[in-house]
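These notes concern the structure reproduced below.
FYI, it's all coordinate maths here, none of it is from the lab. Keep in mind that what you see is a predicted model, and the values were worked out from it rather than measured. Note that each Cβ is placed from the backbone with ideal geometry, even for glycine, and that neighbours are counted across all protein chains shown.
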Amino acid sequence: MVEYPIPRHIKEFFQLVSTNNNEYEVKGNIKCSCGSETFSIYQSNDKMIVKLICQKCNKEIIIFDAGKHGWNARRCSI
Ligand SMILES: [Zn+2]
């Protein structure tokens with residue numbers, strides 16, 4: 001079984017659409033728990049946080065949070 005590189009916190013919203021997925025690349029759709037697939041994308045100015053906001057129920061699904069999930073471990077030291 002291939003372990004897809006989908007962060008655990010968005011796995012429940014993620015639906016695979018392609019059969020060509022591998023451990024490096026995954027194609028799919030994000031679907032809100034309310035059933036909507038229409039989202040606004042929010043990105044913080046420093047691009048540390050990227051999240052989707054459901055246009056139907058305003059639920060926020062954080063796709064990327066550098067501080068929290070540590071995908072980018074590089075931090076500026078003062
Ligand atoms: Zn929703």
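Only one of (1) within 13 Å of the chain's Cα centre (by Cα); (2) β-branched (Val, Ile, Thr); (3) loosely packed, with under 15 Cβ neighbours inside 10 Å; (4) assigned to a loop (DSSP other than H, G, I, E, B) is not met by Val26, so which one is it?
(3)
Can you pull out the residues in region 5-23 that are surrounded by fewer than 13 Cβ atoms within 10 Å (Cβ to Cβ) and within 16 Å of the ligand (Cβ to nearest atom)?
Correct list: Glu12, Gln15.
Mind checking which residues of region 29-61 are part of a loop (DSSP other than H, G, I, E, B) and among the hydroxyl-bearing types (Ser, Thr, Tyr)? Write out each step before concluding.
So the first thing to find is which residues in region 29-61 are part of a loop (DSSP other than H, G, I, E, B), and the list is 31-38, 44-48, 55-59.
Once the filter is applied, which keeps residues that are part of a loop (DSSP other than H, G, I, E, B) and among the hydroxyl-bearing types (Ser, Thr, Tyr), region 29-61 yields Ser33, Ser36, Thr38, Ser44.
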